[in-house]
Structure formats: C-alpha cells, structure tokens
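Below is one structure; the comments refer to it alone.
The values are calculated or read from the model by the stated rules, or taken from the named source; none is laboratory data. Note that the structure is a prediction, hence the values are computed from the model and not measured. Note that we place each Cβ from the backbone using ideal geometry, even for glycine, and neighbour counts take in every protein chain shown. Keep in mind that these areas ignore ligands, DNA and RNA; they rest on the heavy atoms of the full protein, side chains included. Shrake-Rupley method; radii C 1.70, N 1.55, O 1.52, S 1.80 Å.
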Amino acid sequence: MDPFGTPAPFMAHALELLGDKGLLSVTATDLATLCGRNSKPVERRYRAETLYLEYSHEIALRIILGKIVREANARGFKAKPLFSFYRDHYVKFFVLVEKEKQKQELGFVSHCFKCGNRVEGKKAKCYCGHTFKHAGPLWVGETSDLDIVEAMAQKTENEKTKKFLETIANEQFFPPYFFDVHKTVKRTGTPVKPMADYLGKLKEKGFKAERTHYAPTAFKTNASFKDVLSVF
Ligand SMILES: [Zn+2]
C-alpha cells in the first residue's frame, strides 16, 4: 500500500486480501498531519491522539503501527512488525500477519509540557506537579525484528544503508520515545557536547543508550528523564 497521504482508509481492505503468513507493506506520507499541532485529523484517521513533540516522528510511526495491529486483530490476525522506519517525509512498514486470534496490547506515552518529562503509560501527574498529556493508543513493542534487520545490514554493501540498518537494530528494546540533545541542552542550560559523551555517561551509570534513526541529534535510553538531565 503506497497511497497519496494516509493509508488508513485502505488497511481493512488490504488485510482482507491477505492469508495466513501474509506480508503487508504500508507507506504513509501524512507525517505533516501526524506530527502537527492539529490532532483532529489523526483522531479521525487513526483513532489515536498525537502530541506535537520533539519525538513526534516516533509517535507517528507507532500510532500507524497501532492502527495496523488493531485492524489485523479485528480480522483474526496477529501482526508482527518485521521492519519499520522513518525517512525524509514518510514512514514505511513491513508487517507479517498470521492467522491467530489475539488482542495485542497497545499503550500510551505521557508527556509533561512544563518540564519535558516523558514516561511510558497513561499517567496522571508529572513529578513537577504538572498534568501529563497523552499520545496513543500506540504500538509500544519492537517496531522491527532484530534478526531480519541484522541480516539485511550484513547483506548490504552500501555503507550508508548498513549504518542506517544497524542504528535501527540497536534502537529496539527501548521505551517508545527519545531525547533530542539540543532540546535537552536548552532545558539544562549546559553546553552541547558530542553525542558519544552523553551515551558514555549514561552507560557508566548502568543504563542502555543508543543513537536513533529518527534524528541525528537524538538518542534512546532506558534512563529516566531525571537521570538524563543529570548526565547533561
Ligand atoms: Zn513535569
């Protein structure tokens, strides 16, 4: 499926054409809407709420994946994302569907627009006292299959593609959001340092931290917002 704009109206039909172990490929070019300030069209198309954030592209990708999973589950399929990515002005997905009655769990991201804190789940109040806003329901699991992405990275002879794939492989198994260095520096009032410094310090403290393919100036970590700020 590679329609102009949103793939949302075509998902049901595409899934009905698929059998057991069918492979669904979806491209979505409606990122301007999905990452925009107006959440009404997103609610209508994807039955999910979005937020205008530094990690909006990941939220957009996960909202569409969430929609694919829900549509698949409604037709007696279990959906397994094999490869998903954001690039230029679009997001692309390859999803394996298998005949299996299952309701796969979706989740939420809570974001505090006062202090910048973000957590997985639908939480009420931030530790700073401000009320959280929510994005979702969205897919919070892995967006790509590690074995497949690593195999693709090994096969390609193009160095740029290899790096892109390796970054995607490394960023699986993290919370469904990331941290932008420039945005964080603004919050802490500290000078910008090389990305490796931040990643190194987080790892020293026992956290996982990796670059993300969503933005060259951003990273993913399992450290809390407070711990990220302390490293900055
Ligand atoms: Zn807060």
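So the values come out like this:
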| read-out | value |
| --- | --- |
| Integer Hz, Karplus 6.51/-1.76/1.60 couplings in order for the stretch 12-22, x for Gly and Pro | 4, 5, 4, 5, 5, 7, 8, x, 4, 6, x |
| Distance between the stretch 1-48 and the stretch 114-156 - C-alpha centres, whole angstrom | 19 Å |
| Difference of contour (0.36 nm per residue) and Cα-Cα distance, Lys155 to Leu23 | 45.4 nm |
| Long-range tail of P(r) for the chain (Cα pairs > 31 Å, %) | 22 percent |
| Separation between Cα centres of the stretch 164-232 and the stretch 50-64, rounded to whole Å | 17 Å |
| Segments 54-64, 152-162 sorted - mean Cβ within 10 Å per residue, highest first | 54-64, 152-162 |
| Packing-based ranking, highest mean first, of 124-135, 219-230 given that Cβ atoms within 10 Å are counted | 219-230, 124-135 |
| Where the stretch 146-231 is the region considered: accessible area per residue in Å², 1.4 Å probe | 55 Å² |
| Å² per residue, accessible surface of the stretch 8-138 at 1.4 Å | 48 Å² |
| The chain - percent of accessible surface contributed by carbon and sulfur, probe 1.4 Å | 53 percent |
| Charge dipole (debye, nearest 20) of the chain; +1 at Cβ of Lys and Arg, -1 at Cβ of Asp and Glu | 900 debye |
| Principal axis box of the stretch 139-201, alpha-carbon based, largest edge first, Å | 43, 29, 17 |
| Heavy-atom accessible area ranking, 1.4 Å probe, most first, across Asp2, Asp180, Asp197 | Asp2, Asp197, Asp180 |
| Label-point separation in nm, Arg47 to Asn222, each point 7 Å along Cα→Cβ | 3.2 nm |
